[in-house]
Amino acid sequence: MLDVGDSLEVDGIKTFSRADYYLVKGFRDTKNSELFIDSFVAREKAGDLQKYSNYAIVFFKESSQTNERNIIESQKKVIDRYSNDHDEIYEYRWAKGSFLAKYKIKNGIIVKPKNDIKVSDIPNR
């Protein structure tokens with residue numbers, strides 16, 4: 001539904017980030033729904049993942065606030081002001097072409113993985 005790209009230059013090195021956002025109509029929190037979304041991600045993720053220092057695919061459930069009309073009319077502001085805290089359901093993340101994590105989210109809180117998130121191998125500058 002939405003594709004957002006950004007570039008940044010730090011110390012002469014240019015990096016590219018991208019996020020693809022999708023709205024899931026009639027979402028039900030079931031194992032079959034999760035498997036369908038996983039399959040969709042496997043098919044639809046960017047083919048040039050290595051190009052992006054950060055890449056994400058984010059899914060929102062449709063609601064009275066998070067819907068096509070409000071997203072268009074608010075010029076996408078509803079996502080930052082409401083949807084991230086109430087209607088985000090899954091987020092998949094990659095860095096430099098490598099898969100990092102899949103998060104299941106309810107009401108703005110990561111419910112899966114629980115306490116499995118680890119920060120490691122942070123490069124020194």
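For this structure, a couple of remarks:
- Sorted into 10 angstrom bins from 0, the C-alpha pair distances of region 2-112 split as 13, 43, 34, 9, 1 percent.
- Site pair His86 and Glu9 shows an inter-label distance of 4.1 nm when each label is modelled 7 Å from Cα along Cα→Cβ.
- Antiparallel bridges, percent of DSSP beta bridges restricted to region 1-110 (to nearest 5): 75 percent
- Summarising the label geometry, the points placed 7 Å from Cα in the beta-carbon direction at Thr30 and Val111 lie 1.6 nm from one another.
Read the figures in this text as sums done on the coordinates, not as results from a lab. Here the structure is a predicted model, which means the values were calculated and not measured. Because the Cβ atoms are built from the backbone with ideal geometry, glycine has one as well, and the counts that use them run over all protein chains shown.
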